[in-house]
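Visitor: Let me begin by handing over the structure; questions about it come next.
Throughout, read-outs are computed from the coordinates displayed, never taken from laboratory work. Quick caveat, the model's predicted, so the values are computed rather than measured. Quick reminder, even Gly has a Cβ in these numbers, built from the backbone with ideal geometry, and neighbours come from all protein chains shown.
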Amino acid sequence: MFSDEFLTSDTFTYIILPLLIFLARISDVSIGTIRIIFVSKGNKIIAPFLGFFEVLIWVFAISNILQHLNNIYAFIAYAAGFATGNYIGMKIEERLALGISLIRIITKREATELIKVMHEKGYGTTVVDAKGRDNEVNVIYTIVKRKDIESTIELIKTYNPNAFYTIEDIRYVSHENFPHYSRRERVRFFELFSAWRKGK
């Protein structure tokens, strides 16, 4: 594909090779970041698939590094690709917003209005009366898709701006009860899913 003269030229050694290593490292680290997320969520199909390509690309990068141990630009490209890959991997994961989260809301004031609005928007909630340091509080638990976290927080700030809340990632839920889907739509989805499973 390329002549020996080109592969030994300064252009290839100090420009093209470091660039290829940089891009390869970005790719394998980005894939690795996403793979770790899938592993933490117990996905047994996508995680191994991503792992295959992650290692394949890494082998390409490290093999070229070992063949050019006297090329400082290749080492810099390798390190820069690793750092950039971590950043890009996290940005991709943020965009995908994979998984579900538990939001725990602790409010000092009456939370009836907030709970009512959350129910109207399709959120499932569990409300517990509790005792805070100074007075009685309400603790509201709700499970949402990660992509709905921002809209949920906006809801909290609108109806209980002084509420304290925490967010935790959840690996698995036994029943889904997420916003933006009516009961009829959820029932219809599970009916279609069941019919598809029976037809397999």
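Visitor: What pairs from K91/K145; K91/K116; K44/K145 go past 28 Å between their alpha carbons?
Guide: Values: K91/K145 18 Å; K91/K116 34 Å; K44/K145 20 Å.
Among K91/K145; K91/K116; K44/K145, the Cα-Cα distance tops 28 Å for K91/K116.
Visitor: Each residue of the stretch 118-129 in turn: what ³J(HN,Hα) in whole Hz from Karplus with 6.51, -1.76, 1.60 and θ = phi - 60°, glycine and Pro shown as x?
Guide: Karplus values, whole Hz, x for Gly and Pro: 4, 5, 5, 8, x, 6, x, 9, 10, 10, 10, 7.
Visitor: What is the Rg over Rh value, at two decimals, for the stretch 1-146, using alpha-carbon atoms and the Kirkwood definition of Rh? Write down the numbers at each step before the final one.
Guide: On the way: Rg = 24.9 Å, Rh = 19.2 Å.
Ratio of gyration radius to Kirkwood radius for the stretch 1-146: 1.30.
Visitor: Still on this structure, I have one more. So for R109, R25, R171, fewest C-beta neighbours within 10 Å to most, what's the order?
Guide: Numbers: R109 15, R25 25, R171 9.
Ordered by Cβ neighbours within 10 Å, fewest first: R171, R109, R25.
Visitor: Between V128 and I92, what FRET efficiency comes out of the Förster formula 1/(1 + (r/R0)^6) with R0 = 30 Å and r the beta carbon distance, rounded to 0.05? Don't skip to the end; give the middle numbers.
Guide: Details: r = 37 Å, r/R0 = 1.22.
The value I calculate is 0.25.
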